[in-house]
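Down below is the structure, laid out as C-alpha cells.
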Amino acid sequence: MTTDTGPALISYAAYDEYIGVQRLHALLQPRTANPAEVSFIVATQVMELLFGLLRHEWTAAQDALRTDDLAGAEAALRRGLAVQSRLVDSWDLLAGLTPPEFNAFRAELGEASGFQSATYLQLQFLLGHKATSMIDAYRELPDVHADLTALIAAPSLYDDVLAFLHRQGLPIPGDHLQRDLQAPYQCREEVTQAWRLVYKAPRDSPLVRFAEVLVDLAELSTRWRQRHLNAVKRTIGDKPGTGGSSGLTWLRRSADRDDFPELWAARDGMQ
Ligand code: HEM
C-alpha cells in the first residue's frame, strides 16, 4: 500500500544543505535599487559558475587523453559543449539592458571588470593562450595566483591533444611538445600537416570525430566572445572599459583570435 505522507517525514533542510541554496542566494548583493543590476549580477554569477564547470570538463578531458582514453576525452568535451552553449545563451539575460539602465549602476563596478575573471583566464590558459604578464595582477589573491602559476606551466588541453596525436604516430614534432609551455602558443606548419593527415581518415573515424569536437569547442568559444562584444556595443558603445582597456577595439582583437590555430589553418589546404 502506498502512502502520501512520505515527503512530510523527510527533512526539508536536506536540499538546502546539499545545494547550499541560502548561501547561494546570499551572494546576490546589488548596490543600487535599479532592477537591471540584479540581472547583471546574476548573469555574471551564472557565467562564472559555468566557466568553473567548463574548466572541470576540460580538465577531465586532459586526464582522459593522458591515459590514451580518446572516447573518455570526447565525452568530457561533449559535456563541455553543452556548457559552452549555455554560456552563449546566457547573454540573453542581458539582451534588453539599455545604456541608461547600465549607466544607472555602472559606477558601482569601480575598477571591476570581467577581464579580471581568473576562471576565464584559466580557460584561456587551457586553450593555450598563455600570458605570464597576466598573473602578477592577482598577487592580492594568493590562492588564485598560485593556481594560475601552476596552470601556466602545465600542458594546455591542446598540448595534451597534440601529445596524444604524437603517441598515435602522427608527425607532431617532439621539440614542439618540449617547448616552453608558459609562452603563448605559436603555430607550427608540421602540426597543420598532421591535422590534414587526420582528416584523410573516414568522417566517422575516432580522430576525425574528435577533431570536429575541438572545432565545435573553438567555434562556441568565439561565439561567446562575439556575443560579449555585441553586449558591450549595445550598452557602452565605444567608451573605455572599467578594467582600463579601450573597450570595443581591444575586445574586437580578442574576439578575432582562433583557438587551436592549426586546426583552422589545415582547412586551407585540405582536398
Ligand atoms: C553589458 C555588460 C558588460 C560590459 C559593458 C562589459 C564590458 C567589458 C569590457 C569593456 C571589457 C574589456 C576590458 C575592460 O576594459 O574592462 C570586458 C572584458 C571582459 N568581460 Fe565584460 N562586459 C559586460 C559583461 C560581462 C559579463 C556578464 C561577463 C561574464 C563573466 C563578462 C566577462 C568578461 C571577460 C571574461 C572579459 C575579458 C575578455 C577577453 O579577454 O577577451 N563581461 N568586458
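Laboratory data are not the source of any read-out in this text; all were calculated from the coordinates shown. Values in this document were obtained by computation on a predicted structure and should not be read as measured data. Positions of Cβ are generated from backbone atoms using ideal geometry, with glycine treated the same way; all protein chains shown enter the neighbour counts.
How about K233: which aspartates and glutamates have a C-alpha closer than 16 Å to its C-alpha, ignoring those fewer than 8 places off in the same chain?
K233 reaches D92, E101, D256.
With a cut-off of at most 15 other beta carbons within 10 Å, and DSSP calling the residue loop, which trypsin sites (Lys or Arg not before Pro) in the range 9-98 qualify? Please list them.
Working: sites: R23, R31, R55, R66, R78, R79, R86; in loops: R31.
Passing both the DSSP loop test and the Cβ count: R31.
Tell me, what ³J(HN,Hα) does each residue in the range 168-184 have, in order and in whole Hz, if you take phi through Karplus 6.51 cos²θ - 1.76 cosθ + 1.60 with θ = phi - 60° and put x for Gly and Pro?
Each residue of the range 168-184 in turn: 7, x, 7, x, 8, x, x, 5, 5, 6, 8, 5, 5, 6, 7, 7, x Hz.
Separation between the A183 and V208 pseudo-spin-labels, each 7 Å from Cα along Cα→Cβ, expressed in nm?
3.5 nm
What is the log10 of I(q)/I(0) for the range 118-271, computed with the Debye formula using one identical point scatterer on each Cα and no solvent, at q = 0.10, 0.11 Å⁻¹?
-0.44, -0.52
Determine which residues of the range 156-175 fall in the zone a paramagnetic label at K200 would reach in this model, i.e. backbone nitrogen under 15 Å from the point 7 Å along Cα→Cβ.
The answer is 169-172, whose backbone nitrogens lie closer than 15 Å to the label point.
Taking only Cα atoms, what is the 0 to 90° angle, nearest 10, from helix 206-236's long axis to the longest principal axis of the chain?
40 degrees
Express in nm, to one decimal, how much length is gained between T67 and E17 on full extension, taking 0.36 nm for each residue of separation and deducting their alpha carbon distance.
Details: separation 50, 0.36 × 50 = 18.00 nm, distance 3.59 nm.
Length difference between fully extended and current span is 14.4 nm.
Lys and Arg at +1, Asp and Glu at -1: add these up for the other residues within a Cβ distance under 11 Å of I152 and post the number. Please report the intermediate quantities before stating the final value.
Values: positive: K130; negative: D147, D180.
Summing Lys and Arg as +1 and Asp and Glu as -1 gives -1.
Let me have the 222 nm mean residue ellipticity of the chain computed from DSSP H runs of 4+ only, each contributing -39500 (n - 2.57), with the sum over all residues rounded to the nearest 500.
Details: 14 runs with 172 residues, N = 271.
After summing the helix terms and dividing by the residues of the chain, the value is -20000 deg cm²/dmol.
Please report how far the C-alpha centroid of the range 228-259 lies from that of the range 1-77, rounded to the nearest whole angstrom.
28 Å
For V42 and T132, compute 0.36 nm times the residue count separating them, minus their Cα-Cα distance, and round to one decimal in nm.
Numbers: separation 90, 0.36 × 90 = 32.40 nm, distance 3.04 nm.
My answer for the length gained is 29.4 nm.
Just to be sure I follow the definition: excluding the sites themselves, where is the longest run in the chain that has none of the GluC sites (Glu not before Pro) in a DSSP loop with at most 10 other Cβ atoms within 10 Å?
Details: sites that count: E111, E140.
Looking at the chain, 141-271 is the longest stretch - no exposed GluC sites (Glu not before Pro) with at most 10 other Cβ atoms within 10 Å.
Given the options H228, G110, L28, identify the residue whose Cα lies farthest towards the positive end of the charge dipole of the chain (+1 on Cβ of Lys, Arg; -1 on Cβ of Asp, Glu).
H228
Relative to the first principal axis of the alpha-carbon coordinates of the chain, what is the inclination of helix 35-66, with its axis defined by its Cα atoms, in degrees from 0 to 90 and to the nearest 10?
Computed tilt is about 30 degrees.
Between R31 and L141, take the C-beta separation as r, use R0 = 35 Å, and let me know the FRET efficiency to the nearest 0.05. Walk me through the numbers on the way to the answer.
On the way: r = 21 Å, r/R0 = 0.60.
That pair, R31 with L141, gives E of 0.95.
What is the helix-to-structure angle for 189-198, meaning the angle in degrees between its Cα long axis and the longest Cα principal axis of the chain, kept from 0 to 90 and rounded to the nearest 10?
The helix 189-198 is inclined about 90 degrees to the chain.
Test of the criteria: in the range 176-242, which trypsin sites (Lys or Arg not before Pro) are in a DSSP loop and have at most 14 other Cβ atoms within 10 angstrom of their Cβ?
Working: sites: R179, R188, R196, K200, R203, R209, R223, R225, R227, K233, R234; in loops: R179, R188, K200, R203.
Qualifying residues, ordered by number: R179, K200, R203.
Can you give me the pair-distance distribution of the chain, C-alpha pairs, 10 Å bins, whole percents?
The distribution over the chain is 6, 24, 30, 21, 12, 5, 1, 0, given as percents.
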